[in-house]
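**Q** One structure coming up, written as C-alpha cells, with questions to follow.
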Amino acid sequence: MRGRKVRVARWAAFGLLVAALSVVAAGCGGGDDEGGASTEIEGLGTSLEEIQTLARDEGEVNIVQWAGYATLVDEFTAATGCKVNTKDGATSDDMISLIQTGAYDGVSASGNASVRLMTTGDAAPVNTDFIPNYADVQEGIKNKDYNSLDGQPYGVPHGRGPNYLMFRTDVVPEATDSWDVIWDKSGPYNGKLSIYDDSIFIADAAVYLKATQPDLGIENPYELDEEQFTAAVDLLKKQAPNVGEYWPGDVAKQIQSYTNGDSVAGTTWPYQYVQLTAADPPVPVKAIKPKEGTTGWSDTWMVYSKAANPNCMYLWMDHMISPEAQAAVAEGFGEAPVNLKACELTKNANHCAEYHADDESWWEDVYYWTTPVADCGDDRGEVCKTQEDWEAAWTEIRG
Amino acid sequence: MVESRVTRILLRLGAGVTLAFIYVPLLIIGLYAFNRNVTQAWPIENYSTRWFSVAFHDEKVRDALKLSLLAALGATTVALVLGTLASMAVARYRFFGREVITFAVILPIALPGIVTGLALQATIIDVLGPLGVSFGLTTIIVGHATFCVVVVYNNVIARMRRTGGSLDEASADLGADNWQTFRYVMFPQMRTALLAGALLAFALSFDEVIVTIFTSGAQQTLPIWIFATLARPAQLPIVNVVALFVIVVSIIPVYFAQRLAGSSGLTGERPKQGAIAASIEAEP
Amino acid sequence: MTSVPVVEPPPRESPGRRLSTFFFRHSRVRLGVLLALPLAWLVVVYFGSLFVLLLSSFWDTDPFTAEVVHDFTFENFRRIIETPVFRDVAWRTIQMAALVTVADAVLAFPIAYYMARVASPRTRDILVIAVLMPLWANYLVKAYAWRTILSEGGVINWALEPLGLHFDGYSTVGLWLVFTYLWLPFMILPIYAGLERVPTSFLEASADLGARSLTTFARVILPLAFPAVVAGSIFTFSLTLGDYIAPGLITNEQFIGTVIYNIRGEALPTAAAYSMVPIVVVITYLFVARKLRAFESL
C-alpha cells in the first residue's frame, strides 16, 4: 500500500515537473525581437573618452570573425587595454548561432548574416560619432542595405572580396578563365574538387547558370524562383559525386589538401591563396575571378546588442578601419580595404589597384553574399526561395 | 595456465597487433611534434624542437590548460559525490525505480554528445539566460559532469555488489553512526573503485570537446583551443607539441593510480583468489 | 567488600548520532537523502535540458531569421521521415556504428584476454597503463593525425607504394578505420574486466570434460564474456552514432551528427526532431544491452 502511494507521489511530482518545464520553455525560447533603433547598449559610454576609460575596465573583447581577420592585435591591446579573443566562424549561419549564445561581443558579418542580425535585434546600431575612423570609409560602402536600416548604420564596413576559382597550375591549364572546370568540364578533376560547404554556394551555381543558361532568366543569384532554383540544385547534385572535399570554413583543411594535391580546383577565399603562395615552398596555384562573375562578400563589423564588453568592441571597430589595420588585413587576407588611406601603407604599393578597391565596375559581377528571401524584389512577386529552402536543399545535395 | 601454447602465442600476436595499431598513430603525433615545417607532409623532412618553445610561450595554451584542469577537477568532484550517493542507494536498497536509475545514469554517456550539447546550450540560453546565468566554467563543469557520473557510479556499484552489505551492518551493530561506518568501513572498501572512477572521469572531461563546444561560450578549454588552432594553418605544429606533452605528463598519474590500486588494477577487480571463491564472486 | 561500579548516565547523544539513529530506524528516509541529490541532478539538469530541446522539435521557424516560433507543428517530424536524405544518413550512420563495433570487438578481444588470463601481473599492470594512455591523447589530435596517415602522401600509401597498391583514405573505409581506432580503449577495458571474472575453474572443468581450446572458447569463454563485449559496444556504438568531427575531417558523407550540427542554427526544431533518431536508437540499444546483462559488466 505504501509502495503504491509512493509510486503515485512520484508520478505526480514528475508530472508537475513536466508541466513546470513546459511553462518555462513556452515562455522562453526563440530570439530577441526587440528591434530598437537606439544605439544604447548597456554599459556603453556616452563619450569617446568615457568609452576608452570603460574599455580599460572591461579588459577584453570576444569576437566572432572570419579566419585571419583580426590584425595588429598586440598593438590594439597595448593601446586600449582590451585583450582580444577570437573565434573563427565556419559559415554565416555558424556566426549567427555563436552570437546568439550571448557569449560574444561582436562579429564580422557578411551580408547573409548582417541583415538577419539587424532584423532579430542581435546587432545594435552604431553611433558613428564614437568611431573616428568611420569618416574615412569609402562613401560607396556606407549605408548599404546590408549594413544599415533606414539610414542608420548598424556596423562598420571591414572590407570586401570575391570568392575565387583557385586551381593548381600543374594540373589545370593556366589559361583557364571559366567556372566550367568545376561544373561541366570537371571530368579530369573529378574527385579533386574543393567546394565551400554552405547553402550559400547555391548562388555560385546560379551565377554559372546565369551565363550558360540565359533562358532561365537569372538576374540576381540570390533571388531564385522555383524553376531557377531547381536548375541550380540539379547542377549541384550532379557535381556532388565529383567533389573531393567540402570545406566548412576550416581554411587549414583546404590549404592542406591543395598542398598535398588532394584538391586541384575549387572555390576559395583570398586568404587561402595568400597562404599557399606564401608557403615554403610555394604551392603552384592561381586564383581568378572567372568570366561568368562570382559570388563575394562585403563584410561589416557589428556589435552585439547585449555585449558584455561594448566599449572594447567600439574601440575594436575603430581599430579595424584604421589605415594601419586596413592595410595589414587587406594584404594578409587578400581583400580590398574600405579605408583608402590604407593604400599608401600597404607593402605592395599596387595592392589597392590589384584588388580593385576603388574600381566599382569590377565589382559589378561580384554578387555579395546576402540572405535569400521570398520577395524576389521584381515583378515576380513573393515566389522566390527563402533561406529555409536553401538550407533544406543543401542538406539534400550533400546527401 | 589453462590455455595451450598455440593459443598463448596467437594471443600474444593478436595483442601485439592491437597494441601496434594503438600506438603507431601516437608515435606519428610525437614525430610531428618535432617536425620543422608547418604543413604536415609525410615523410617528415626536417626535424626541430622550435615548436616546443613556441608552445611554452603561448599564453593561450596556458590559459586553456588551466581551464581544462579546473573543469576536469570540478566535474570529477561532482561525479564522485553524485556517483557515490547514487550507487550507495542502488547497491544497498531495494526500491521502485532501481533499474531506472542505472539506466538514467548511463544515458548521458550513451547519448551522442551533440544531443547533450545542444540540449544544454538551448537550456542555458533560453531558460537560464533570463535568470542571469551565462556560459563559463560552471556550465562547462555541468556539461562534463553529466557523463562523468556514470564512470564513478559503475565502478563503485560493482565494488559494493562484490563486498556485500554485511560489514556495514556489523559496523552499525557495533554502535557506529553513519559517518563512522562510512569512514571506517565503506570508504576503505570502495577507495580503489573511487580512484579508478575518478581517473577515468578526469580523463573523459579533460579530453571532451563536443559537449564543451556547446557549453563553454567564449571560453577555451584545451580541446577547444586545439580545435581552433588546428584550423589555423600556421599553428598546426604547436598542437602536436601540446598533445605530446599531455600524453607524456599523464603517464605519471595513471602509473601511480595503477600502483595504488594494486594488482587488482584500475578496473576495480578484486585480486584473483582461489577458484571456488572466484566462482562465487562471479555471480552478480 | 565489593565496590559497586557507579553507573553514569549514558552521555547525551550528539546530533550526529541522533541523526544516524533516526536514519537507522527509517531506512526509507536514508534512501531518500542518498538519492535526493543525484535524482535532482539527473531530472532537473539532464532530463530537463533534453526536454527543452525536444520540446523545440514541435516548434516552427521564421523562414528569414530562422528564429524559433512557438507554433505547434509536426512539420519537423514529417520532414525527417519523408525526406530521403534524412533516412539515408540515419541508415548510413547506424551501419557504420555496427561495423565499428564489430571491428573493435575483434581487435580488443585478444589483448583483453591476454591481459586477463595469460600475462604475468607485472605485464598486466604495464598493459593496463598502455591501454589507458591513449585516452589521454586528445581525440582531435588523433583524428587529425589520421587525416595525415590516410592522405595521398601519408603513411598508408607510402607503405603500399612499393607493392603497387593504392588506398583512397578519404573514404568511408578510412573513416571506419579512424572510428575503430578512436574507440578501441573503450572496448578493451570492459572485456578485460569481464574476462578476469571468468573463473579458472570453469576452464579447467571444460578441459577435464574433454573440450579442446576452440570448444572451450566458443562454449565457455565467449558466452561468459559476451555481456562485457556488449557493455563495450555501448560506447563504440553510441560514440560513432553522434560524432560529427571525425566524419567532417575524413569524408564528405553526412552522418547523423553532421546533419544535426549543420542545421542546428537554421532549423533548430528539425535538428531537435532528428536527434530523436539517435536517442531512440540508443535507448533501444540500452534496453537490449540490459537484457544481455551488460550493465553489470560496464
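**Q** Viscosity 1.567 mPa s, temperature 4 °C: Stokes-Einstein D of chain B from its Kirkwood Cα radius, in µm² per second?
**A** Numbers: Rh = 21.9 Å.
Rounded, D is 59 µm²/s.
**Q** For the protein assembly as shown, with the dipole built from +1 on Lys and Arg beta-carbon atoms and -1 on Asp and Glu ones, taken about the Cα centre, which of A:Cys384, C:Ser233, A:Val285 lies farthest toward the positive end?
**A** C:Ser233
**Q** Of the options B:Gly16, C:Phe74, A:Met118, report the single residue whose Cα projects farthest towards the positive end of the charge dipole of the protein assembly as shown (beta-carbon charges: Lys, Arg +1; Asp, Glu -1).
**A** Checking the options against the dipole of the protein assembly as shown, the answer is B:Gly16.
**Q** Starting from the alpha-carbon convex hull of chain A, give the projected area averaged over all orientations, in nm².
**A** 25.4 nm²
**Q** Compare B:Asn37, B:Asn178, B:Asn154 in a GNM of chain B, Cα atoms joined below 10 Å, and give the one with the largest fluctuation.
**A** For chain B, modelled as a Gaussian network with Cα springs under 10 Å, the answer is B:Asn178.
**Q** For the protein assembly as shown, what is the percent of antiparallel DSSP beta bridges, rounded to the nearest 5?
**A** Within the protein assembly as shown, antiparallel bridges account for around 60 percent of the total.
**Q** Other chains' Cβ within 10 Å of C:54-64 residues: what's the mean?
**A** 5
**Q** Separate question: Quick one: work out Rg over Rh on the C-alpha atoms of the protein assembly as shown, Rh as Kirkwood radius.
**A** 1.00
**Q** Sticking with this structure for a sec: Using only the Cα atoms of region C:83-297, what semi-axes does the equivalent ellipsoid have when each is the square root of 5 times a gyration tensor eigenvalue? Give whole Å, largest first.
**A** 34, 24, 15
**Q** Shifting gears a bit: Checking a compactness column here: for region A:151-210, what do you get for Rg(Cα) / (2.2 N^0.38 Å), N being the number of residues?
**A** 1.49
**Q** If I require 27 Å or longer along the helix axis, counting alpha carbons, and a Kyte-Doolittle average no lower than 1.6, what helices from chain C are left? Use full DSSP H segments.
**A** C:222-242
**Q** Kyte-Doolittle cut-off 0.5, length cut-off 24 Å along the helix's own axis using Cα: show which whole DSSP H helices in chain A pass.
**A** Going by DSSP H runs, the hits are A:2-27.
**Q** Can I ask one more? Could you work out the relative contact order of region C:83-297? I mean the mean sequence separation of Cα pairs under 8 Å and 6+ apart, divided by the number of residues, in percent.
**A** 27 percent
**Q** Give the percent of DSSP beta bridges with both residues in chain A that are antiparallel, rounded to the nearest 5.
**A** 60 percent
**Q** Towards the positive end of the charge dipole of chain C, with charges on Cβ (+1 Lys, Arg; -1 Asp, Glu), say which of C:Leu268, C:Leu99, C:Val173 has the farthest Cα.
**A** Of the options given, the answer is C:Leu99.
**Q** Something else about it: Could you work out how far the C-alpha centroid of region A:272-339 sits from that of region C:85-160, in angstrom?
**A** If we compute the Cα centre of each part, the gap is 41 Å.
**Q** Would you compute the Debye intensity of region C:133-201 from its alpha-carbon atoms alone, equal scatterers and no solvent, and pass along log10 I(q)/I(0) at q = 0.12, 0.15, 0.16, 0.17 Å⁻¹ to two decimals?
**A** Debye output, listed in q order: -0.46, -0.62, -0.66, -0.71.
**Q** Given charges of +1 on the Cβ of Lys and Arg and -1 on the Cβ of Asp and Glu, with all other atoms neutral, how large is the dipole of region C:83-297 about its Cα centre, in debye to the nearest 20?
**A** It comes to approximately 540 debye.
**Q** Moving to a separate point now. Dipole of region B:1-139, Cα-centred, from +1 at each Lys and Arg C-beta and -1 at each Asp and Glu C-beta, to the nearest 20 debye?
**A** 520 debye
**Q** Please state the charge dipole magnitude for region C:166-286, taken about the Cα centre, from unit charges on C-beta atoms (+1 on K and R, -1 on D and E), reported in debye and rounded to the nearest 20. Working shown, then result.
**A** Values: 4 positive and 7 negative charges, 42 e Å.
So the dipole magnitude of region C:166-286 works out to roughly 200 debye.
**Q** Could you work out the mean count of beta carbons from other protein chains within 10 Å of each residue's beta carbon in A:279-287?
**A** 1
**Q** Same structure again: How high is the relative contact order of chain A? Use alpha-carbon pairs under 8 Å, at least six apart in sequence, and give a whole percent.
**A** Answer for chain A is 25 percent.
**Q** Using the Kyte-Doolittle scale, find the helices of chain B whose mean hydropathy is at least 0.5 and whose Cα atoms extend 18 Å or more along the helix's long axis, counting only whole DSSP H runs.
**A** Sorted by number, the helices that extend far enough and score high enough are B:5-33, B:59-92, B:98-110, B:137-163, B:187-207, B:236-261.
**Q** I'd like the distance between the alpha-carbon centres of region C:180-209 and region A:96-129, rounded to an integer number of Å.
**A** Centre-to-centre (Cα) distance: 56 Å.
**Q** Let me ask another. Can you tell me which of C:53-65, C:13-25 comes out highest on packing, and rank the rest after it, using the mean Cβ neighbours within 10 Å?
**A** C:53-65, C:13-25
**Q** Let me ask something additional. Taking neighbour Cβ counts within 10 Å as the exposure measure, how do A:His351, B:His57 sort from fewest upward? Can you show the working numbers first?
**A** Numbers: A:His351 20, B:His57 9.
Ascending Cβ contact count within 10 Å gives the list B:His57, A:His351.
**Q** So, by mean Cβ neighbours within 10 angstrom, what's the order for C:259-265, A:143-149, A:67-73, B:246-252 with the highest one leading?
**A** Top to bottom by mean Cβ count within 10 Å: C:259-265, A:67-73, A:143-149, B:246-252.
**Q** Run lengths n ≥ 4 of DSSP H only: what is the helix-derived mean residue ellipticity at 222 nm for chain B, with -39500 (n - 2.57) per run over all residues, to the nearest 500? Kindly include the intermediate steps, with their values, before the conclusion.
**A** On the way: 13 runs with 203 residues, N = 284.
When only DSSP H runs of four or more count, the value is -23500 deg cm²/dmol.
**Q** Of the listed pairs A:Lys87/A:Lys253; A:Lys347/B:Lys60; A:Lys144/A:Lys341, which have alpha-carbon separations greater than 23 Å here?
**A** Going by Cα-Cα distance, A:Lys347/B:Lys60 fall outside the 23 Å limit.
**Q** I'd like to compare B:66-77, C:74-85, C:137-148: which one has the highest average count of other Cβ atoms within 10 Å, and what's the full order after that?
**A** Peptide ranking by packing, descending: C:137-148, B:66-77, C:74-85.
**Q** Now a separate question. For chain A, set up a GNM with springs between Cα atoms under 10 Å and report which of A:Glu335, A:Glu139, A:Glu324 has the largest fluctuation.
**A** Sorting by GNM fluctuation, first place goes to A:Glu139.
**Q** On to the next question. If you count, for every residue in B:222-234, the Cβ atoms of partner chains within 10 Å of its Cβ, what is the mean?
**A** So the per-residue partner count for this stretch is 6.
**Q** Just to be sure I understand: with springs between alpha-carbon atoms less than 10 Å apart, which residue in B:Gly164, B:Gly175, B:Gly16 has the highest mean-square fluctuation in the Gaussian network model of chain B?
**A** Maximum among the listed residues: B:Gly16.
Values quoted throughout were computed directly from the atomic coordinates according to the rules given, and no laboratory measurement underlies them. None of these values were measured; they are calculated from a predicted model. Neighbour counts run over all protein chains shown; Cβ positions are idealised from the backbone, glycine included.
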